[in-house]
Amino acid sequence: MNCFPDEVIEQIFGYVTSQRDRNALSLVCKNWHKLERCSRKSVFIGNCYSISPERVIERFPELKSLTLKGKPHFADFNLVPHGWGGFVYPWIEALVKNGVDLEELRLKRMVVTDEGLDLLSRSFMNFKSLVLISCEGFTTTGLATIAANCRFLRELDLQENEVDDHRGQWLSCFPDCCTTLESLNFACLKGEINLGALERLVARSPNLKSLRLNHTVPLSALQRILMQAPQLVDLGIGSFIHDPHSDVYTRLRNTIKKCKSMTSLSGFFEVLPGCLRAIYPVCMNLTALNLSYAAGIHWRELIKLICLCGKLQRLWIMDYIGDYGLGVVASACKDLQELRVFPSVLIGLNGPAGVSEKGLVAISKGCSKLHSLLYFCQQMTNAALITVAKNCPNFIRFRLCILDPKKPDPDTMQPLDEGFGAIVQSCKQLRRLSLSGRLTDRVFLYIGVYAEQLEMLSIAFAGESDKGMLYVLNGCKKLRKLEIRDSPFGDSALLSDIGKYETMRSLWMSSCDVTIGACKALAEKMQRLNVEIFNGDEKVDSNVEDGQKVQKMYLYRTLAGRRNDAPEHVWTL
């Protein structure tokens, strides 16, 4: 292809949107590296401390869209101490200083401040999209500045964030000239919002396709909103409480019938029995249904609803659906590709006592297209996992969490090694795997031999010796992220193949058998790695003996060196 002029090659590169493929293009030759870096507009940084913002800006001068991740994944399980880091302000400051014309910013597990949002809103005149996932540190005051100053905003997506509600009027800060919104999600906000401002904003946004509301928006307002936006494709409903025999409910049901384009539903944080009938008219067209927070839906109503959703491709539900309910899903949803079953606190009160291996086997028999699974269950057997592996060989993501993490196969009382071994042998394209249940080193041997495409592995309460971890490090050539907690892996496993960490993004080990001395030795030998040690919110004593075990260690590859914003309870070696 080098026979073509550079302009033609650059035009071809424009059709390559995958970050992975763009990275591969840049490695072909020096000329392609130059053309790729000068034409790439979208950049993904999996660890905000892996590189400095200045270096990113220097390499990609045409940067328009930036995705950043901050805290380690285990922050979702409260294992990362408060104040650890992940601040986005230095990135925004560098982008402003270097004159980047940023249009899109996506952040996950980062600390976002109102000052940062204000600087963002005032500095990028063509800014169009802000997505915040599992972020903290900001308030609705910061959201108000985004609303007021970003005149061409198309997307404001707030997912699972901790937001302080200082002013419930932030939606009224959108100027009357703002007509460009295509996606608005504020489902995670706890406070009241200005219903009038919301309705006016929706009315003047003809291109709005996705709208997710919080629990304070009543059914009466929802009905008026849907009258203004029948074009919605994705709807998140907060409160669904009203008398099914009332005029408001009747009007809502008649309005929903007019939403012919709707393919995705979510929310239902508050639900009264009998109300779900109002959404039946759109169920036949749904391809995505997220009821992971809908604890108020009775399991029988849930099953009846799912029976109407024959086109579902993505389903997120709570485990009170039971094994019987999953059997219904298997019968009704033949096109299902992604399933997530979350634990509920209503087991024994709202229906069946969670889900087990029987429900998963039923899903595998009925949903052959399934390729992504997150499954919280009461128990699992080797036979069930072997059956699932046979029926669904196309898994890309397989995450199994047994609520008793050390529980063996209840039928044979054996470890679940053979079951997970069958998963990694059959699913050749598996990229993400989470293990659970009683497991020996044998399962890690299977993973090292067969999981050739594995990129992320999460381990908890598993293994017998250092051999288990070594099987994974030596065998999984494409491994990028390894997370381990409460497992008997120690210094030998950590130090045996330290060169492997140069090819990985990060390694997390907590409550394992790793010592301070091993961490020091690793940090001394590998200058491009940051090795961080912490023990909750307590200040780490740097004078401790080398033989003392580390409570939590986070190791990651970096080109930026030691970070300068680490709190005193984080010790960087």
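The values are calculated or read from the model by the stated rules, or taken from the named source; none is laboratory data. It should be emphasised that the depicted structure is a prediction, and the values quoted were computed from it without experimental measurement. Please note: Cβ atoms are built from the backbone with ideal geometry, for glycine as well, and neighbour counts cover all protein chains shown. When the accessible area is computed, the model is the full protein with side chains, heavy atoms only, and any ligands, DNA or RNA have been set aside. Shrake-Rupley method; radii C 1.70, N 1.55, O 1.52, S 1.80 Å.
Each of Q231 and N285 was given a label point 7 Å from its Cα along the Cα-to-Cβ line. The distance between the two points is 1.4 nm. Shown here for segment 1-105: GluC sites (Glu not before Pro) in loop regions (DSSP other than H, G, I, E, B) with at most 13 other Cβ atoms within 10 Å, namely E62.
Run the accessible area of segment 229-297 with a 1.4 Å probe and give the carbon-and-sulfur part as a rounded percent.
Reported share for carbon and sulfur atoms: 57 percent.
So what's the net charge close to S134: Lys and Arg +1, Asp and Glu -1, counting the other residues with Cβ under 9 Å from its Cβ? Mind showing how you got there, number by number?
On the way: positive: K71, K108, R109; negative: D76, E136, E160, E162.
Its environment carries a net charge of -1.
Take the Cα of D411, step 7 Å toward its Cβ, do the same at S65, and the gap between the two points is 4.6 nm. Full extension of the chain between S542 and K365 gives 58.2 nm of extra length, using 0.36 nm per residue less the Cα-Cα distance. Averaged over residues, the count of other Cβ atoms within 10 Å places the peptides 415-427, 181-193 in the sequence 415-427, 181-193, highest first.
In segment 428-499, which GluC sites (Glu not before Pro) are in a loop and have at most 14 other Cβ atoms within 10 Å, using DSSP for the loop call?
Working: sites: E452, E455, E464, E483; in loops: E452, E455, E464.
Of the GluC sites (Glu not before Pro), the ones in loops of segment 428-499 whose Cβ has at most 14 other Cβ atoms within 10 Å are E452.
A straight chain from E160 to K190 at 0.36 nm per residue would run longer than the Cα-Cα distance by 9.7 nm.
A Förster radius of 51 Å, combined with the Cβ-Cβ distance separating R204 from E7, puts the computed FRET efficiency at roughly 0.80. Here the chain is treated with +1 on each Lys and Arg Cβ and -1 on each Asp and Glu Cβ, and its dipole about the Cα centre works out to around 1780 debye. When both bridge partners sit in the chain, DSSP labels roughly 15% of those beta bridges antiparallel. Placing pseudo-labels 7 Å out from each Cα toward the beta carbon at E502 and T179 gives an inter-label distance of 5.8 nm.
Report the extension gain between K34 and K97 in nm, rounded to one decimal, defined as 0.36 nm multiplied by the number of residues separating them, less their alpha carbon distance.
Working: separation 63, 0.36 × 63 = 22.68 nm, distance 2.36 nm.
Computed gain between K34 and K97 is 20.3 nm.
Ranking G14, I237, L184 by how far each Cα lies toward the positive end of the dipole of the chain (charges on Cβ) leaves G14 at the top.
Taking loop as defined by DSSP and a crowding limit of 14 other beta carbons within 10 Å, which trypsin sites (Lys or Arg not before Pro) in segment 230-322 fit?
Values: sites: R251, R253, K257, K258, K260, R277, R300, K304, K311, R314; in loops: K257, K258, K260, K311.
Listed in order of number, the matching sites are K257, K258, K260.
With contributions of -39500 (n - 2.57) from each DSSP H run of at least four residues, the per-residue ellipticity at 222 nm computed over the chain stands at -9000 deg cm²/dmol.
Taking a ≥ b ≥ c as the square roots of the Cα gyration tensor eigenvalues, with a/c under 1.5 meaning rounded and otherwise prolate when a/b beats b/c, else oblate, which class fits segment 335-416? Note, shape of segment 335-416 comes out oblate.
Determine, from the Cβ-Cβ distance of N564 and H245 and an R0 of 56 Å, the FRET efficiency 1/(1 + (r/R0)^6), rounded to the nearest 0.05.
Values: r = 63 Å, r/R0 = 1.12.
With a Förster radius of 56 Å, E is 0.35.
Can you tell me the relative contact order of the chain? Whole percent, Cα pairs under 8 Å, sequence separation 6 or more.
Values: 1351 pairs, mean separation 37.8, N = 573.
Normalised by residue count, the contact order of the chain is 7 percent.
Is the C-alpha gyration tensor of the chain telling us rounded, prolate or oblate? Criteria: a/c under 1.5 is rounded; beyond that, a/b larger than b/c is prolate, otherwise oblate. It is oblate, given that a/c is not under 1.5 and a/b is not larger than b/c. The charge dipole of segment 45-208, taken about its Cα centre with unit charges on the Cβ atoms of Lys, Arg (+1), Asp and Glu (-1) only, comes to about 280 debye. Relative contact order of segment 3-42, taken over Cα pairs closer than 8 Å and 6 or more residues apart, is 41 percent. Accessible surface computed residue by residue for segment 1-159, with neighbouring protein chains in place and a 1.4 Å probe, gives 45 Å² per residue.
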